[in-house]
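In what follows, a single structure is set out as structure tokens and then discussed.
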There are 2 protein chains.
Amino acid sequence: MPSYTAPTKDLNFVLQDVLAVSQSDIPGYSELDRDFTAAILEEAAKLAEGVLAPLNMVGDQLGCRLENGVVYTPDGFKAAFDQIRAGGWNGLDLPEEFGGQNLPYLLGSAVGEIFVAANMSLNMYQGLTHGAISAILTHGSQEQKERFLPKMVAMDWTGTMNLTEPHCGTDLGLIRTKAVPQDDGSFRISGQKIFISAGEHDMAENIIHLVLAKAPGGGGGTKGLSLFIVPKFLVGEDGSVGARNGVSAGKIEEKMGIHGNATCVMNFDEATGWLVGDLHKGMRAMFTMMNEARIGVGLQGYAQAVVAYENALAYAKDRLQGRDVIGAQNPDGPADPLLVHPDVRRMLMDQKSFVEGARAFTLWGASLIDRAHRGQDVEADGLISLLTPVIKGFLTDKGFEMCVQAQQVYGGHGYIEEWGMSQFVRDARIAMIYEGANGIQALDLVGRKLAQDGGKHVMAFFAIIKEFIRDNESDPRLEGVLQPLKSASKDLQSAAMFFMERGMKNPNDALAGSSDFMHLFGHVCLGYVWARMAVASYAALDAGASDRAFHEGKIATCRYYMARQLPATAMHLARIQSGGEPVMALQAESF
Amino acid sequence: MPSYTAPTKDLNFVLQDVLAVSQSDIPGYSELDRDFTAAILEEAAKLAEGVLAPLNMVGDQLGCRLENGVVYTPDGFKAAFDQIRAGGWNGLDLPEEFGGQNLPYLLGSAVGEIFVAANMSLNMYQGLTHGAISAILTHGSQEQKERFLPKMVAMDWTGTMNLTEPHCGTDLGLIRTKAVPQDDGSFRISGQKIFISAGEHDMAENIIHLVLAKAPGGGGGTKGLSLFIVPKFLVGEDGSVGARNGVSAGKIEEKMGIHGNATCVMNFDEATGWLVGDLHKGMRAMFTMMNEARIGVGLQGYAQAVVAYENALAYAKDRLQGRDVIGAQNPDGPADPLLVHPDVRRMLMDQKSFVEGARAFTLWGASLIDRAHRGQDVEADGLISLLTPVIKGFLTDKGFEMCVQAQQVYGGHGYIEEWGMSQFVRDARIAMIYEGANGIQALDLVGRKLAQDGGKHVMAFFAIIKEFIRDNESDPRLEGVLQPLKSASKDLQSAAMFFMERGMKNPNDALAGSSDFMHLFGHVCLGYVWARMAVASYAALDAGASDRAFHEGKIATCRYYMARQLPATAMHLARIQSGGEPVMALQAESF
């Protein structure tokens, strides 16, 4: 069975050495001194390593089952969920007013990585709840907040997002679920939703569904959609749990992975719902949930790679096979460990440089969210809005690829379920699909975010890179770091320029390169955070840090990323610059 | 449930228009006229589409089960296997002397693609038998051939390869299974083998295991290994089936995919075995099986992508979601088909250009095997020996990636098992691992094949590309085809040069780039066969071919590959040229 050890030291390195949170001017960050964040991470690690991780394979093997409308989660999930609840982990970054601890979103993300790596399926019940809370916090009435949030923050009640229907996923304008207004101000909701994660289960006394439906008026397409709160059990004004509502799980899907999470078909049969926010403005409210969820999914993508990498590394150190070509490293043993072989190292360095880069990128993104929300900073808000599809799309594509790579290190054993590497691959796969398939992320990036506010946010991004390079280029040790970053950033600028020039005339010239652009952007982001990590490690070494091997390792891994990963940017640029013609030339009937 | 339609037209295009088999001087090829090959392919298609493909998902869902030492294959497998047997499909390319039809290996490969795409797990029982036959044909005594081959060619008996043990897969020098010589010339074989595909099942009256074991003398490592025939039931001199031998399946592995194939732990308890070939020369005999098996596995990699692509394409034409950004294509419907979206097209064109290129590459390779064996051509033998790791490694890495891409086209439905796309991904995954994990293929390519016979074979490969470009560069229509090929081929030459210059001083400088080199090589091979396909299609169009859309489609797809895939070669070269240092710099204890 695979094991998991939370990388608390690496996480705290990003928080303290790279992001320097305790010196930040973001409201609430000054409390985050090194000992405090370390203590929180250690507590999370204890729960993750001791309780959540040992249930990960159990969840995969047992899955969820539906009997007479009741969904039973895998053995042990309920007790583990109770421990997450008892620890107050869900409220970590939620308002004190509703029972939370009001710590930064950044800290919630760092803890999130630990929980997701330990047990992604179990964590999803919490993640969906968190998203539903955000939507109610942002768009709900004060009365709704008071009625629902205390129980949801405490996770006595969990939440869901109900968007997809059998005939539409991406194209929500086709939604058929209907909402009929009632005299008492409520709505009757009828229709069918599919792929509803955590849609029904046995771990909470109530489930608060957020449902996108069509209310009369408002016109066609997504403009006619409104968002509704539809609880599994009706909730009295005093917050008391009442009668069962007209919503039930009709089926659990048999999926490739995340078996521990119940993915349900939800049937709404004149269920009572309450409008959240404005009528026919449901998409806006849904996007609040989705944007947060997308960063959460990006985090899932790399967190699965974190645990897969840990196990691949342990295997490569342990498994004896073949000899170092330079000379035996373990002459008294029957063979040398796999780690001596250059191609095995290449796989491990790919993984290591990705997961550590992805972590720094995601946590930087989380700090931008804090700056935007806590600091009311519209520029930070614009920047994270630009980066969100990159975090989601790039980190899940690459995270999956790295899980496959980790599985490969195991050779034949990687393909056998009892070793657990297959589960990481199968679980990570969903992250490329849900919350907007990665093609949709690329479309969002190129078709919407890039030109948003006159292209201001991408210009701000380039300015950040440029300023960083200028601030550090006097340090000769950084030459091999900053040059590749500069070149990759130039590729990204050329690609954006190509889209501007050509996309106006023919949108397909831009859209055909959208996924390549997302990957090119992702590499520049990882290159940037790796350069920041190298700067931080050089600074620590200069200051006489005791753990020299740790910082030297960071610098070597940074150099690996620059040498071995950043060359991808030129390839993506070449593909982009070939334009839409090669992609669109083939007639539909010639396929 | 996914469907499968054998691409007989595309296969015959490669055989007739690209490889021009009926005009070839390879012995036996002159019989292969267009109607003959079309008729064989159509017969294979009928069986594959009507019988094998409908059992593919059944095999995945039911899997194999072991009860009291007996392995039961999924419902329907036995009857389908009987039909393959009755059709004489296994003997297609085997000697008439033992009941085969003596047709070229090339034709066997074309049929193989069809059977593998339809049902990879079921086909494996046949594929392993084929490999075992080859080993006996090449290394067995005349008496052994007469005793075993007629039944094996007819597939009344199936075969296996027994190499891996719990503590060793790649490093066969560590094998512990023992062979003790007996007075009657036989050996007593004792030990445990794992991951034995088709190791035990209920579809044949006997199973002929080929087992690598250590006989006394012969020294350590792989030098001490010999190859033995160990039948499940002993076989009399007259070929009659006798008593049960001391070999049995101890366990069936729970795997990520290929559930329809029984992957067994095989226990040998003083089983009777007969030496094949020379004592202590077992590795050589095993390589005969492995080289054939490696091309077969490359074929599996792309064949899974063939069927996955077919289904993704059908889904993209059928599923209505969103609108064409240029203007509605299906204005009377609720939305346009997925196929209108550039990023969906990109995914489909990636798949199409890969599978059609991979097919042409593999069949070209198969024709080199025929030229080597039937034509006794040592140069062809050297060339296919060089290309074998590329076929195996590159086509399985990419084939898997394309299955993932095909699954992605389905959005959320791709993750649900009932749609069948997950199975293609899970099944294709094994091909990157078995018959030598792809890192081993890269090592074989760079560490052995590249410099073999003084680098003669890679020089021959470059000469082929060069000659092809020279022969065709007068055609102005080919400019956008030949230029990218020339540039990609130059990248490959630079990489080979880098290895020659640096690898001598430090082998790690070459080995750290081995996987990149394998991929770079694969892209050049696909670029080359795509250019040949474009030439063939222009020729067909010039000759007034009736099916213009087919040939125009080939040319458009060739251009896609050149524009969108070949830019990868520069990236691989850049990574290679960064050398071993970034890969090896990190100290083992700093990981």
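Tabulated values for the structure
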read-out	value
Under 5 Å, built H, 5+ apart or other chain: amide partners of B:Trp157	B:Met152
Accessible area buried, both sides summed, chains A and B with 1.4 Å probe, Å²	7300 Å²
Relative contact order of segment B:370-430, pairs being alpha-carbon contacts under 8 Å that are 6 or more residues apart, as %	23 percent
Normalised contact order of segment A:41-145, rounded percent, pairs of Cα under 8 Å and 6 or more residues apart	28 percent
Vicinal HN-Hα couplings computed from phi for segment B:198-212 (Karplus, 6.51 cos²θ - 1.76 cosθ + 1.60; Hz; Gly/Pro x)	6, x, 8, 5, 10, 9, 9, 7, 8, 10, 9, 8, 9, 10, 8
Dipole of segment A:28-150 [Lys/Arg +1, Asp/Glu -1 at C-beta], most positive-end residue of A:Thr37, A:Gln142, A:Val71	A:Val71
Label 7 Å beyond Cα on the Cβ vector: B:Phe36 copy-to-copy distances, nm	8.3
Spin-label pair A:Met504/A:Ala539, simplified geometry with 7 Å Cα→Cβ offset, distance in nm	4.1 nm
Label-zone membership for segment A:183-223, site A:Phe233, 7 angstrom Cα→C-beta point, backbone N under 20 Å	A:198-210
Mean Cα-pair separation over length for chain B, i.e. relative contact order, pairs under 8 Å, 6 or more apart, %	13 percent
Listed residue pairs exceeding 19 Å between alpha carbons, taken from A:Lys317/B:Lys223; A:Lys232/A:Lys392; A:Lys505/B:Lys317; A:Lys214/B:Lys317; B:Lys9/B:Lys46; A:Lys193/A:Lys232	A:Lys317/B:Lys223; A:Lys232/A:Lys392; A:Lys505/B:Lys317; A:Lys214/B:Lys317
Qualifying trypsin sites (Lys or Arg not before Pro) in segment B:58-155, DSSP loop, other Cβ atoms within 10 Å at most 13	none
Estimated FRET transfer efficiency when R0 is 56 angstrom, pair A:Ala20-B:Gln452 (beta carbons, to 0.05)	0.50
Accessible area (Å², 1.4 Å probe, nearest 10) - B:Glu473	100 Å²
Nearest residue to the symmetry axis between B and A, taken on chain B by its Cβ, in whole Å	B:Met571, 2
Percent of Cα-Cα distances greater than 19 Å, calculated over segment B:476-531	36 percent
Cα gyration tensor shape for segment A:321-376, rounded if a/c is under 1.5, else prolate or oblate	prolate
Chain B - mean residue ellipticity at 222 nm from DSSP helices (-39,500 (n - 2.57) per run, n ≥ 4, rounded to 500)	-17500 deg cm²/dmol
Table column - 3J(HN,Hα) (Hz), segment A:415-421, Karplus curve with 6.51, -1.76, 1.60, x for Gly and Pro	8, 8, 4, 5, 7, x, 6
Sequence ranges A:29-38, B:38-47, A:462-471, ranked by mean other-Cβ count within 10 angstrom, highest first	B:38-47, A:29-38, A:462-471
Partner chain coverage, peptide B:492-503 - average Cβ within 10 angstrom	0
Trypsin sites (Lys or Arg not before Pro) lying in DSSP loop within segment B:234-307, provided at most 11 other Cβ fall within 10 Å	none
Point-to-point label distance, B:Gln587-A:Ala549, nm (Cα→Cβ direction, 7 Å offset)	0.6 nm
Mean projection area, nm², convex hull over Cα of chain B	28.8 nm²
Peptide B:245-253 - average C-beta neighbours from other chains (10 Å radius)	1
Neighbouring partner chain Cβ atoms per residue of B:406-417, average, 10 Å criterion	6
Cα gyration tensor category, rounded, prolate or oblate, for segment A:455-584 with a/c compared to 1.5	prolate
Label spacing, shortest first and in nm, from B:Ser3 to its equivalents in the remaining copies (7 angstrom along Cα→Cβ)	5.2
Zone of A:Glu143's modelled label, taken as backbone nitrogen in segment A:263-283 under 12 Å from a point 7 Å along Cα→Cβ	A:274-275
Debye log10 I(q)/I(0) for segment B:1-122, one point scatterer per Cα, at q = 0.18 Å⁻¹	-0.95
Ratio Rg/Rh [Cα only; Rh per Kirkwood] for the protein assembly as shown	0.97
Backbone HN-Hα couplings from phi across segment B:351-359 [Karplus 6.51/-1.76/1.60, Hz, Gly and Pro as x]	5, 4, 5, 6, 5, 6, x, 4, 4
Label-to-label distance, nm, for residues given as B:Val378 and A:Asp82 (7 Å Cα→Cβ offset)	7.7 nm
At 1.306 mPa s and 10 °C, Stokes diffusion of segment A:532-591 via Kirkwood alpha-carbon radius, µm² per second	107 µm²/s
Interchain or long-range residues, amide H under 5 Å from B:Gln321's placed H	B:Asp336, B:Leu338
Global form of segment A:87-187, assessed from the alpha-carbon gyration tensor, a/c cut-off 1.5	oblate
Helix axis angle, A:479-503 relative to chain A longest principal axis, alpha carbon, degrees	50 degrees
Estimated FRET transfer efficiency when R0 is 60 angstrom, pair A:Ile464-B:Ser3 (beta carbons, to 0.05)	0.75
C-alpha center-to-center spacing [segment B:208-243, segment B:424-502] in angstrom	38 Å
Cβ-vector label at 7 Å, B:Pro166, separations to other copies in nm	5.0
Residues A:Glu417 and B:Arg176, FRET efficiency given R0 of 25 Å [Cβ-Cβ distance, rounded to 0.05]	0.45
Estimated Rh, segment A:157-281: Kirkwood, alpha-carbon pairs, angstrom	14.7 Å
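The values are calculated or read from the model by the stated rules, or taken from the named source; none is laboratory data. In this text, all values refer to a predicted model and were calculated from it rather than measured experimentally. All Cβ positions, glycine included, derive from the backbone under ideal geometry; neighbour counts span all protein chains shown. Keep in mind that these areas ignore ligands, DNA and RNA; they rest on the heavy atoms of the full protein, side chains included. Shrake-Rupley method; radii C 1.70, N 1.55, O 1.52, S 1.80 Å.
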